[in-house]
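Since the structure comes first, as structure tokens, the remarks are kept for the end.
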Amino acid sequence: MPAQFHTRVRAELDSIDQQGLTKPERVIASRQGPVITVAGREVLNFCANNYLGLGGDERVARAGIAATERWGSGTASVRFICGTLEIHKELEAAIAGYLGFEDAILFAAAFDANGGLFEPLFGEEDAIVSDSLNHASIIDGVRLCKAKRYRFANSDMDELEAKLKEARGAGARDIIIATDGAFSMDGYIARLQDIRVLADRYDALIMVDDCHATGFLGEKGRGSYAHHGVKVDFVTGTFGKALGGAMGGFICATTEVVQLLKQRARPYLFSNALAPAVCGSSLEAIRIAQGEEGDALRKQLTANAARFRGAMTEAGFDLLPGEHPIIPVMLGDAKLAQDFAARMLELGVYVIGFSFPVVPRGAARIRTQMSAAHTFEHIDQAVEAFTTAGRELGVI
């Protein structure tokens with residue numbers, strides 16, 4: 001390779017580091033859980049998407065092992081060639097039934113689910129109206145589609161209606177409103193009741209990415225739409241957060257939509273089938289989540305979030321408002337966020353500083369995430385560490 005290429009790469013890395021935007025990878029030497037091993041010592045974990053605490057659950061791990069023992073490590077093929085196993089069909093039926101849909105299609109990742117949804121279903125005659133804070137995977141999925149694109153400010157229903165009116169006025173055949181069910185950087189829950197009203201008024205479809213909602217929001221943890229008591233047309237989600245913490249994504253919809261996606265969705269057609277271990281673990285996580293134990297875990301998660309939010313507010317930290325177990329601690333400056341996270345690790349709490357381009361410039365933060373596996377003692381210890389670091393770094 002030309003030397004100038006490597007010189008340019010090094011210069012860009014140096015620039016990222018000088019701005020305090022370098023995102024370090026800290027190696028974990030234990031299972032996912034409320035307490036993890038980092039750099040040879042145990043620390044409290046307050047930044048995982050392990051909402052129900054099932055990421056390190058022994059039953060979930062054993063189910064994955066059992067699936068591997070029966071089905072092997074993988075299919076060595078894509079689904080339509082010779083890669084569809086019985087356990088894939090079982091998982092599709094399980095997630096569709098849990099979330100209240102006719103059918104589901106599996107993907108190697110939730111990013112692929114959003115990347116594969118729009119292009120097969122919508123063309124030049126159609127319109128996509130997307131929330132400005134939508135996840136990068138939705139943005140990329142929309143870019144792959146030839147439908148006309150409209151954008152509305154986060155949860156701004158007046159602007160959403162204006163865009164829907166504009167799309168209808170332009171003669172759109174079908175309109176789909178695309179939104180996160182819960183916005184991962186802020187913990188805001190989408191205003192799906194209001195979106196439902198507007199969708200009905202303008203004869204539009206609704207797509208919801210519920211990666212940060214499935215398993216713990218709404219009745220039985222069915223998601224953001226269940227939280228608001230409304231119906232939506234498409235739900236995308238993941239098995240990599242509340243439902244076992246492994247990987248893999250899905251789209252839930254009507255049977256006909258799923259069948260068309262299986263014929264046309266490129267991430268599905270050209271990616272190996274989901275590993276049996278992921279399927280087995282995810283099935284066990286769904287079983288737990290939709291039962292009485294899931295109810296108890298959701299209750300604990302809610303209590304944990306309320307305790308942390310109350311104590312941090314009392315300590316003087318600037319928190320974004322909300323009811324979600326994602327609780328961002330706002331710091332503003334990117335370097336401060338990195339320094340704060342490093343000091344927290346020294347104090348025995350694993351958190352991550354988020355800065356541009358993951359969040360807007362000037363909106364750097366520590367994004368904390370509660371888990372049902374946390375105890376009140378864990379939370380109180382974390383708040384104590386936050387308070388110590390906050391005073392040392394001049395935040396409070």
Restricting attention to the range 3-38, the residues that are free of Cβ contacts under 8 Å to residues at least 60 places away in the same chain, among the small types (G, A, S) and within 30 Å of V383 (Cβ to Cβ) number exactly 2
Matching residues in the range 27-54 (assigned to a loop (DSSP other than H, G, I, E, B) and either under 22 Å from G223 (Cβ atoms) or under 18 Å from the mean Cα position of the chain (by Cα) (or both)) number 11
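This table checks each residue for (1) of a type in the set (F, W, Y); (2) farther than 30 Å from T84 by Cβ.
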position: P2; (1), (2): no, yes
position: T7; (1), (2): no, yes
position: D17; (1), (2): no, yes
position: T22; (1), (2): no, yes
position: S30; (1), (2): no, yes
position: G33; (1), (2): no, yes
position: F46; (1), (2): yes, yes
position: Y51; (1), (2): yes, no
position: G56; (1), (2): no, no
Residue pairs within 7 Å by beta carbon, gap of at least six or interchain, first lying in the range 99-123 and under 22 Å from Q290 (Cα atoms), second among the acidic types (D, E), listed first then second, are D103/E92; A104/E92; I105/E92; L106/E92
Residue check, G322 on the phi > 0 side of the Ramachandran plot and in contact with a strand residue (DSSP E or B) (Cβ under 9 Å, 6 or more places away or on another chain)
yes
Sole miss for A162 among (1) free of Cβ contacts under 8 Å to residues at least 12 places away in the same chain; (2) under 17 Å from G181 (Cβ atoms) is condition (2)
Residues in the range 267-291 that are in contact with a Lys or Arg (Cβ under 6 Å, 6 or more places away or on another chain) and either part of a helix (DSSP H, G or I) or within 20 Å of K241 (Cβ to Cβ) (or both) total 2
In the range 225-236, anything under 21 Å from L121 (Cβ atoms) and in contact with a strand residue (DSSP E or B) (Cβ under 7 Å, 6 or more places away or on another chain) is listed as Y225, V232, D233, F234, V235, T236
*Might you check whether a residue that is in contact with a Pro (Cβ under 6 Å, 6 or more places away or on another chain), part of a helix (DSSP H, G or I), of a type outside the set (F, W, Y) and buried (at least 17 other Cβ atoms within 10 Å of the Cβ) occurs anywhere in the range 292-306?*
yes
Is it the case, given these coordinates, that V395 is crowded, with 18+ Cβ neighbours inside 10 Å and part of a loop (DSSP other than H, G, I, E, B)?
yes
The lone condition R62 fails out of (1) at pLDDT below 95; (2) of a type in the set (K, R); (3) not assigned by TED's automatic domain parsing to the domain that holds L297 is (1)
Within the range 130-159, restricting to residues that are of a type in the set (D, E, K, R) and not in a loop (DSSP other than H, G, I, E, B), the one that is surrounded by the most Cβ atoms within 10 Å (Cβ to Cβ) is D131
* To do: Could you tell me whether V197 is over 17 Å from the mean Cα position of the chain (by Cα) and either not aliphatic (A, V, I, L, M) or not assigned by TED's automatic domain parsing to the domain that holds F376 (or both)?
  => yes
Restricting attention to the range 220-246, the residues that are touching a helix residue (DSSP H, G or I) at 6+ places or on another chain (Cβ under 6 Å), assigned to a loop (DSSP other than H, G, I, E, B) and touching a residue at least 40 places away in the same chain (Cβ under 8 Å) number exactly 6
Taking the range 248-270 and the residues there that are of a type in the set (S, T, Y) and surrounded by 13 or more Cβ atoms within 10 Å (Cβ to Cβ), the one that is farthest from G97 (Cα to Cα) would be Y268
Query raised in the report: Residues in the range 170-191: is at least one assigned to a helix (DSSP H, G or I) and at pLDDT 95 or above?
Result: no
Of the residues in the range 198-219 that are assigned to a strand (DSSP E or B) and not charged (D, E, K, R), the one that is nearest to A172 (Cα to Cα) is L205
Next item on the list: Answer with yes or no whether G97 is more than 23 Å from P357 (Cβ to Cβ) and in a helix (DSSP H, G or I).
Entry: yes
Any chance T7 is polar (S, T, N, Q) and either in a loop (DSSP other than H, G, I, E, B) or within 21 Å of V278 (Cα to Cα) (or both)
no
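The values are calculated or read from the model by the stated rules, or taken from the named source; none is laboratory data. All figures in this text were calculated on a predicted structure; none of them were measured in a lab. Glycine gets a Cβ as well: all are built from the backbone with ideal geometry, and neighbour counts include every protein chain shown.
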